[in-house]
1. Which of the three applies to segment B:247-404, rounded, prolate or oblate, going by the alpha-carbon gyration tensor with a ≥ b ≥ c and a/c under 1.5 meaning rounded?
2. Less than 11 Å Cβ to Cβ from B:Q345, Lys/Arg counted +1 and Asp/Glu -1: what total charge do the surrounding residues give?
3. Using the alpha-carbon centroid of each, what span in Å lies between segment B:94-130 and segment A:31-69?
4. Where the only charges are on Cβ atoms (+1 Lys, Arg; -1 Asp, Glu), what is the dipole of chain A about its Cα centre, to the nearest 20 debye?
5. DSSP beta bridges in chain B, what fraction antiparallel, as a percent rounded to 5?
6. Give me the extension gain from B:D389 to B:T282: residue separation times 0.36 nm, minus the current Cα-Cα distance, reported in nm with one decimal.
7. Where a Cα-Cα gap under 26 Å defines reach, which lysines qualify for B:K166, not counting those fewer than 8 residues away within the same chain?
8. Can you list residues from other chains, or at least 5 along the same chain, whose modelled amide H is less than 5 Å from the amide H of A:L55?
Amino acid sequence: MKVIKVDPEKCTQCHTCDLWCGIEIGSEKKELNNAIHEKPQPVPRVYVEGNNFPLHCRHCEVAPCIDACPNGTMRRDPATGLVYVYEPTCIACWMCVMVCPFGIIAPSPSIHVAVKCDRCRNMEYPICVDVCPTKALALEEREEGATWYGYAPKRSY
Amino acid sequence: MRYIIIGGSAAGISAVEAIRSIDQTSSIELFSGEGTPFYSRVLLSYYIAGAITKEELHFRPLEFFADNKVNAHLGQRVSQVLPESKSIRMGDGREYPFDRLLIASGSSPKIMEVPGKDKKGVVVMRNIDHAQEIVNRVEEMKTACVLGGGLIGLRTGYALSVRGVKVKIIVKSSHVLSQMLDQESAEMIQGTMRQHGVDIRTGRDAVEIVGKESVEGIILDDGERINCQLVVIGKGVQPNVDFLSSTQIKVNEGIVADETMMTSVPDIYVAGDVAETYDLTTGRTSVNAIWPCAFEQGRVAGLNMAGKKAKYEGSFRMNSLDFYGLPVISMGITRIDGNGFQQFQKKTENTYRKLVLRDGRIVGAILVGQVQKAGILATLLKKRVNVSDIIPLLMSHRLNFAELLPLTQQNRERFNEVEYRELSQRPLASRR
C-alpha cells in the first residue's frame, strides 16, 4: 500500500499542505475565499507539527482505531488498505481518539464526528503531496513485513 | 481442527476474524447466551438516547457468520466445560467436542442488595433487552434514579436526560466515576451535568426501593424520599465464570490468561470481559472489561488458536465519554495511593490534564476538554518508555507526535512497527 512519507529537512513550515487540505477536503466550496467564511470552519486533516513535520494518518497495518470503534464506523478499504471514517454512523464517542498513537484524529465539536486524513482516497493523488512546493511530501510504497504482536497480517492491498 | 467459541460479542467476533485470516476451512462453532448477534454493548446508551436505531447498534453485518463459515448457536448457554474430554455441555445434555476452545463469555451486572430490588421498573443495564425495557418505559417516565456513579449508570442517566426524563444520580463516593477520575475532573463533569438539569447526590446511598408492584420511589440513607418510575442499578460488572466451577481452569477475579491468552489448561483460551490479564499500569493481573481490550485479546487468542505465535503485551483500563459536548478520556491509574508516584496537573476553566508517572513511565492520565492527543499518552503508557525528560511537552496543549520522534528512535525496539519506522525515513526521491 502507498503511504505519505515526510522529509523534514525540506519542509519550510509554509503550511501550504494544511491550507489546501482544509480547502479541498474540509470545505464545501473548495475555494479559499469562500471556504474561510464557511460555518463550521473547514479543518485540515494534516498537522504541521514540531517545527517542520507535516503529520497525517499513518493507516496502521493493525489499526487501534478500528479495534476501538464500537460500531464499525472506522473502516479499512479492502482494495487500498486506507483507513477512513464512515461519517453517517459516527456517534462521537471518541474511542478512536483515545487510542490513536499519532494523535491525528480530531474530535470535532461542531460536526460531532471523528475527523481524520483518508489520504484523499477518492482522489487520484493526495492534495498535500501535490501542492507541497518543496517536495517534502512523497507518496511511496510501504515496506513489506510489517508486524504487530509478532505477526504480519495478511494484506489484500 | 475444530474450534469452539463461547460468546458472540467483541472478543468472540474478533477471534473468528483472526482464525479465519489463517484457517479458512476448519469448523467454528459459536455459542452465545444472547439471541441478538453483533450489537455493540457500548452503544446501548446511545440507543436509549434515541441517537441511533436498533440496526445501527450492529458492529458487523448480519451475514458475518455465513461469510465466515461459522455455525452460530444463538440464545444457547453453555452449562459446562469438560477439559478432560475436550468438550462442552449444554443445559439439555448435548455435548460438542473441540480441539481449541475460546471462552469469551463476558460479564454480568453486579446485583445490589437493597430491599425492593425485585419491583417492576428496577433495571440493570447490560444487554439489548435491558435497553429495550428502558426505551419502552421512557414515554411514561417523569423521573428516573440511577444508583451508582459508574460509567454505565452515568451513560444511562445521560441518555434518559437527553430524552427529557428528570434524572437523579445517587453516588456513594464523594464524586462520580471514582474508578476512572479524580475529584477535580469528576467535578467538571458533575458541573456540566447539573447545568443541564441532572441531579447528582454524592455521598448518598439508597436504602430501600418503595412501591407496590412497580417502583414509586427510593429512600436515601438520610431519610429523604425521591419519587421515581424507574431505578437503574449501575454497580459494576463481574466476569461470567460460574460454568467453570468444576474445572481445573484457574480463576481469580476472572479467568487467568497467559501472554498468548491461553488459560491454565492447554488448548483452552480466554478473551474479553471474562479474562484476567497482566495490567501494564499496576504490574498485577486484573480484569479490564473494556471494548478495545476485548477486541485485541480476541485477536491474539484467535491467532494463537490457529497456530500463529502472537503475544499479548497486557491491558490497561481506559475510557472515553462526552456528555453535553465535554469530552473526557481517562486511562490507567488516575488516583495515586502509596509511594513511588509522581503526578502533574494543569487546569483551566474548560480543560484539565493530569499525568501519573511511576519510575519515569506514564501509568495514568486524565484529559478533559481537549482530548485529541490522548492516544499519544496511551501509546507511551503501553510502550513503557521513560518520559521524565519531556514532561513539559506532555503537559502542554502543544503536545504532538512529531516532537516525540527522537524518543521513538531512542526506544526503537519498542517502536518497531512499520508505522513508526517509516516516519524516521526520508522519502526515496529526496535521498541523494
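Each value in this text was obtained by applying a stated rule to the coordinates, not by laboratory testing. None of these values were measured; they are calculated from a predicted model. FYI the Cβ positions are ideal-geometry reconstructions off the backbone, even for glycines, and counts take in every protein chain you see.
1. Values: a/c = 2.13, a/b = 2.01, b/c = 1.06.
It comes out prolate by the Cα gyration axes.
2. +2
3. With segment B:94-130 and segment A:31-69 each reduced to a Cα centre, they are spaced 41 Å.
4. Value, rounded to 20: 220 debye.
5. On the way: 48 of 85 bridges.
Antiparallel bridges make up about 55 percent of those DSSP assigns within chain B.
6. Here the answer is 36.3 nm.
7. Straight-line reach from B:K166, under 26 Å: B:K54, B:K110, B:K117, B:K119, B:K120, B:K142, B:K212, B:K235.
8. Those qualifying (amide H under 5 Å, at least 5 residues apart or on another chain) are A:Y47, A:V48, A:E49.
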